[in-house]
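Visitor: Quick one: this structure, given as structure tokens, is what I'll be asking you about.
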Amino acid sequence: MPELERSCGAVQLMSAVMLPLLLLLSISGCSCMDVLVTNNINALNGSTIKISCTFTSCYKMDAAQFSMNWTYQESSNHTEERFMTYHVKKKMVPVRSDRFGDRVMFAGNLDKNDLSITLSDVQLEDVGIYNCYVKNPPDRIQGHGIIQLNVVTELPPPRDSTIAVAIGASVGGALALLILSMVVVKCLRRHRKQELISEEKMEEEGKLEADGVTEEEAK
């Protein structure tokens, strides 16, 4: 009987600990949605660009529950305009838009969680914020990526590394020459010092010999 009571007590204690934990896990679920985008993109007027958006989730994509939307807004104070969405049967499809027309195309791969798009014939009016919204139940978090698109009339010229290399080589050569000169000067000074010491030693030895001769003559 005492052993049975101890066993029952252990079961009750385990239940008291595990039940709240299981309840907490069932409520919280998995929340690891993450959307990856390039926050700022510069596009040349009239060019075709790719606006990338990929995501990670705790769960494999379920076509029946998955949802995704691309939206555009001129600034954070303007209303968002949806221009592409996910359809269960048609997958990623453009939404009719007076702004973009047929210039937006899906360029991603749903099997690889890639929701990227391409925007052709970029116009100055395309400047603004592009939002990538993703939801993949049972993941409870809706992912959101924000891209600021800037349109320029010309791209900055590439940096000419030749000048930088030439300047670096000149500076490096000058430093090497300076260090070599300092080493040579130091060696010459050391050599001159050793010569002076030798001369002083020879003079001292000569003086001692002369003093010895004088003493012998005096005797």
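Visitor: Being among the hydrophobic types (A, V, I, L, M, F, W, C) and in a helix (DSSP H, G or I) is the filter here; which residues of segment 116-130 pass it? It would help to see each step written out before you state the result.
Guide: In the first step, residues of segment 116-130 are kept if they are among the hydrophobic types (A, V, I, L, M, F, W, C); the result is 117, 119, 122, 124, 127, 129.
LEU124 - this is the single residue of segment 116-130 that is among the hydrophobic types (A, V, I, L, M, F, W, C) and in a helix (DSSP H, G or I).
Visitor: Here are ASN136, ASN42, ASN77, ASN109: which of them is over 26 Å from the mean Cα position of the chain (by Cα), polar (S, T, N, Q) and open to solvent by 40 Å² or more (accessible area, probe 1.4 Å)? Don't jump to the end; show me each part of the working.
Guide: Values: ASN136 fails: open to solvent by 40 Å² or more (accessible area, probe 1.4 Å); ASN42 fails: over 26 Å from the mean Cα position of the chain (by Cα); ASN109 fails: over 26 Å from the mean Cα position of the chain (by Cα).
Just a single option satisfies the conditions, and that option is ASN77.
Visitor: If you take the residues of segment 45-61 that are open to solvent by less than 60 Å² (accessible area, probe 1.4 Å) and not β-branched (Val, Ile, Thr), which of them is farthest from VAL93 (Cα to Cα)?
Guide: For segment 45-61, the residue satisfying everything is CYS58.
Visitor: Which residues, counting only those in segment 86-106, are open to solvent by 50 Å² or more (accessible area, probe 1.4 Å) and in contact (Cβ under 8 Å) with a residue 24 or more places away in the chain?
Guide: Across segment 86-106, the qualifying residues are VAL88, ARG99.
Visitor: From the residues in segment 52-67 that are within 26 Å of the chain's Cα centre (by Cα) and assigned to a strand (DSSP E or B), which one is farthest from LYS112 (Cα to Cα)?
Guide: In this case the residue turns out to be CYS53.
Visitor: State whether the residues of segment 102-115 include one that is charged (D, E, K, R) and in a loop (DSSP other than H, G, I, E, B). Before you say what the answer is, go through the steps one by one.
Guide: Here is the first cut: in segment 102-115, the residues charged (D, E, K, R) are 102-103, 111-112, 114.
Remaining after also requiring in a loop (DSSP other than H, G, I, E, B): 102-103.
Within segment 102-115, one or more residues are charged (D, E, K, R) and in a loop (DSSP other than H, G, I, E, B).
Visitor: While we're on this one: Does CYS30 count as assigned to a loop (DSSP other than H, G, I, E, B), modelled with pLDDT under 55 and loosely packed, with under 14 Cβ neighbours inside 10 Å?
Guide: Details: assigned to a loop (DSSP other than H, G, I, E, B): yes; modelled with pLDDT under 55: yes; loosely packed, with under 14 Cβ neighbours inside 10 Å: yes.
Taking the combined requirement at face value, the residue satisfies it.
The values are calculated or read from the model by the stated rules, or taken from the named source; none is laboratory data. Everything quoted here is computed from the prediction, not taken from an experiment. Methodologically, a virtual Cβ is constructed for each residue, glycine included, from the backbone with ideal geometry; neighbour enumeration extends over all protein chains shown. Ligands, DNA and RNA are excluded from the accessible area calculation, which covers all protein heavy atoms including side chains. Shrake-Rupley method; radii C 1.70, N 1.55, O 1.52, S 1.80 Å.
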